[in-house]
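Visitor: Quick one: the structure is below, and I'll ask about it shortly.
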Amino acid sequence: MTAEPLRHADSAIPRPLLIAAAAMLAASVIGAGLGRHLGLDSDLPNAASGNPPTALREMRFVDRPDGGIDVIDPADELVFARLAPGEDGFARATLRGLVRDRKKLDLGPETPFRLAMWPDGRLVLDDPATGRHVDLRAFGPTNREAFARLLPRTDGAPAGDRR
(Lines give C-alpha, C1' and ligand atoms only; values in the text may rest on other atoms or scores of the structure.)
Protein backbone atom coordinates (compact mmCIF):
# COMPACT_ATOMS: atom_id res chain seq x y z
CA MET A 1 0.00 0.00 0.00
CA THR A 2 1.20 3.40 -0.90
CA ALA A 3 -0.07 6.57 0.66
CA GLU A 4 -1.61 9.14 -1.60
CA PRO A 5 0.13 12.51 -1.55
CA LEU A 6 -1.82 15.39 -0.07
CA ARG A 7 -3.30 17.73 -2.58
CA HIS A 8 -3.12 21.49 -2.12
CA ALA A 9 -6.88 21.79 -1.63
CA ASP A 10 -6.77 19.31 1.29
CA SER A 11 -4.38 21.45 3.35
CA ALA A 12 -5.56 24.94 2.45
CA ILE A 13 -6.84 27.30 5.16
CA PRO A 14 -10.46 28.22 4.50
CA ARG A 15 -10.80 31.54 2.72
CA PRO A 16 -13.28 33.06 5.25
CA LEU A 17 -10.79 32.38 8.05
CA LEU A 18 -7.99 34.17 6.16
CA ILE A 19 -10.25 37.16 5.48
CA ALA A 20 -11.24 37.35 9.17
CA ALA A 21 -7.59 37.21 10.29
CA ALA A 22 -6.60 39.94 7.83
CA ALA A 23 -9.51 42.13 9.01
CA MET A 24 -8.49 41.71 12.66
CA LEU A 25 -4.90 42.61 11.86
CA ALA A 26 -5.94 45.69 9.90
CA ALA A 27 -8.29 46.81 12.70
CA SER A 28 -5.49 46.44 15.27
CA VAL A 29 -3.04 48.51 13.24
CA ILE A 30 -5.61 51.21 12.48
CA GLY A 31 -6.75 51.31 16.14
CA ALA A 32 -3.19 51.66 17.44
CA GLY A 33 -2.39 54.41 14.95
CA LEU A 34 -5.60 56.28 15.69
CA GLY A 35 -5.05 56.00 19.45
CA ARG A 36 -1.54 57.37 19.16
CA HIS A 37 -2.69 60.18 16.85
CA LEU A 38 -5.40 61.17 19.34
CA GLY A 39 -2.96 61.12 22.27
CA LEU A 40 -4.41 58.01 23.86
CA ASP A 41 -1.02 56.29 24.06
CA SER A 42 -0.99 55.33 27.74
CA ASP A 43 2.64 54.19 27.65
CA LEU A 44 4.03 57.72 27.48
CA PRO A 45 3.33 59.95 30.47
CA ASN A 46 2.56 63.57 29.69
CA ALA A 47 1.22 66.74 31.21
CA ALA A 48 -2.32 65.87 30.02
CA SER A 49 -2.39 62.86 32.38
CA GLY A 50 -2.90 65.23 35.32
CA ASN A 51 0.07 63.83 37.24
CA PRO A 52 3.12 66.07 37.19
CA PRO A 53 6.57 64.48 37.17
CA THR A 54 8.16 63.95 40.58
CA ALA A 55 11.48 65.29 39.24
CA LEU A 56 12.26 67.25 36.10
CA ARG A 57 15.39 68.71 34.58
CA GLU A 58 16.13 70.40 31.27
CA MET A 59 19.66 69.97 29.99
CA ARG A 60 21.95 70.48 27.06
CA PHE A 61 24.91 68.28 26.18
CA VAL A 62 28.17 69.74 24.85
CA ASP A 63 31.11 67.69 23.55
CA ARG A 64 34.45 68.42 25.20
CA PRO A 65 37.83 68.37 23.41
CA ASP A 66 38.98 65.47 25.63
CA GLY A 67 36.04 63.28 24.49
CA GLY A 68 33.90 63.93 27.54
CA ILE A 69 30.46 65.48 27.51
CA ASP A 70 29.43 68.42 29.69
CA VAL A 71 25.85 68.37 30.93
CA ILE A 72 24.65 71.97 31.15
CA ASP A 73 21.67 73.53 32.88
CA PRO A 74 20.21 75.89 30.23
CA ALA A 75 18.81 78.22 32.89
CA ASP A 76 22.25 79.36 34.07
CA GLU A 77 24.55 77.74 31.46
CA LEU A 78 26.53 76.03 34.24
CA VAL A 79 27.95 72.52 33.94
CA PHE A 80 26.30 70.35 36.60
CA ALA A 81 27.65 66.96 35.48
CA ARG A 82 30.21 65.48 33.13
CA LEU A 83 30.24 62.21 31.23
CA ALA A 84 33.86 61.11 31.32
CA PRO A 85 35.64 60.02 28.13
CA GLY A 86 35.25 56.30 27.49
CA GLU A 87 32.52 55.88 30.13
CA ASP A 88 28.73 56.07 30.16
CA GLY A 89 28.37 54.14 26.90
CA PHE A 90 24.58 53.80 27.18
CA ALA A 91 24.08 57.52 27.81
CA ARG A 92 26.39 58.39 24.91
CA ALA A 93 24.61 56.04 22.50
CA THR A 94 21.19 57.34 23.53
CA LEU A 95 22.27 60.96 23.08
CA ARG A 96 23.92 60.18 19.74
CA GLY A 97 20.62 58.77 18.47
CA LEU A 98 18.66 61.83 19.60
CA VAL A 99 21.21 64.24 18.11
CA ARG A 100 21.20 62.27 14.83
CA ASP A 101 17.41 62.73 14.66
CA ARG A 102 17.83 66.47 15.14
CA LYS A 103 20.45 66.66 12.38
CA LYS A 104 18.13 64.82 9.96
CA LEU A 105 15.57 67.57 10.58
CA ASP A 106 18.18 70.37 10.40
CA LEU A 107 17.61 71.20 14.09
CA GLY A 108 20.37 72.50 16.33
CA PRO A 109 21.16 72.16 20.03
CA GLU A 110 19.19 75.26 21.09
CA THR A 111 16.19 73.36 22.50
CA PRO A 112 17.20 71.54 25.70
CA PHE A 113 16.39 67.90 26.32
CA ARG A 114 13.98 67.17 29.16
CA LEU A 115 14.46 64.35 31.68
CA ALA A 116 11.43 63.51 33.84
CA MET A 117 10.76 61.01 36.63
CA TRP A 118 7.07 60.12 36.79
CA PRO A 119 5.08 58.98 39.86
CA ASP A 120 4.89 55.41 38.51
CA GLY A 121 8.72 55.20 38.42
CA ARG A 122 9.16 55.82 34.71
CA LEU A 123 12.19 57.85 33.72
CA VAL A 124 11.67 59.44 30.32
CA LEU A 125 14.12 61.44 28.23
CA ASP A 126 12.21 63.76 25.88
CA ASP A 127 13.46 65.74 22.93
CA PRO A 128 10.94 68.57 22.54
CA ALA A 129 12.60 69.58 19.25
CA THR A 130 11.75 66.28 17.52
CA GLY A 131 8.97 64.95 19.74
CA ARG A 132 10.92 61.77 20.44
CA HIS A 133 10.58 60.05 23.86
CA VAL A 134 12.88 57.41 25.34
CA ASP A 135 11.44 55.40 28.25
CA LEU A 136 14.69 54.58 30.05
CA ARG A 137 13.32 51.87 32.32
CA ALA A 138 13.11 49.60 29.29
CA PHE A 139 16.91 49.36 29.29
CA GLY A 140 17.37 47.98 32.81
CA PRO A 141 18.34 49.50 36.16
CA THR A 142 22.02 50.16 35.40
CA ASN A 143 21.30 52.04 32.18
CA ARG A 144 18.37 53.86 33.79
CA GLU A 145 20.70 55.06 36.56
CA ALA A 146 23.03 56.59 33.95
CA PHE A 147 20.34 59.24 33.46
CA ALA A 148 18.61 59.19 36.88
CA ARG A 149 21.75 60.63 38.48
CA LEU A 150 21.29 63.75 36.33
CA LEU A 151 18.00 64.64 38.02
CA PRO A 152 17.93 67.11 40.90
CA ARG A 153 18.34 65.27 44.18
CA THR A 154 15.25 64.99 46.34
CA ASP A 155 17.20 66.06 49.44
CA GLY A 156 17.70 69.49 47.90
CA ALA A 157 21.36 69.03 47.00
CA PRO A 158 22.36 69.62 43.37
CA ALA A 159 23.25 66.70 41.15
CA GLY A 160 26.89 65.80 41.60
CA ASP A 161 29.66 66.49 39.10
CA ARG A 162 31.44 63.25 38.10
CA ARG A 163 34.77 64.78 37.11
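The values are calculated or read from the model by the stated rules, or taken from the named source; none is laboratory data. Everything numeric in this text was worked out from a predicted model, so none of it was measured. All Cβ positions, even for glycine, are placed from backbone atoms using ideal geometry, and neighbour counts span all protein chains on display.
Visitor: Using the structure shown, decide if residue 112 is within 24 Å of residue 51 (Cβ to Cβ) and surrounded by fewer than 11 Cβ atoms within 10 Å (Cβ to Cβ).
Guide: No; evaluated as a whole, the condition is false for this residue.
Visitor: Let me ask something additional. Go over the candidates 89, 67 one by one and state the one that is in contact (Cβ under 8 Å) with a residue 12 or more places away in the chain and not hydroxyl-bearing (Ser, Thr, Tyr).
Guide: Only one candidate qualifies: 67.
Visitor: While we're on this one: Six or more apart or on different chains, Cβ under 9 Å: which pairs go from a residue in the stretch 141-153 that's of a type in the set (Phe, Trp, Tyr) to one that's assigned to a helix (DSSP H, G or I)? Could you list them?
Guide: Pairs that qualify, where the first residue is of a type in the set (Phe, Trp, Tyr) and the partner is assigned to a helix (DSSP H, G or I), are 147/90; 147/91; 147/94; 147/136.
Visitor: For the stretch 98-128, how many residues are closer than 21 Å to residue 73 by Cα, of a type in the set (Gly, Ala, Ser) and modelled with pLDDT under 90?
Guide: 1
Visitor: Further question on the same structure: Taking the stretch 103-126 as the region of interest, how many residues are touching a strand residue (DSSP E or B) at 6+ places or on another chain (Cβ under 7 Å) and basic (Lys, Arg)?
Guide: 2
Visitor: Tell me, which strands (runs of 3 or more DSSP E) lie completely within the stretch 72-131 with 2 or more residues that are of a type in the set (S, T, N, Q)?
Guide: none
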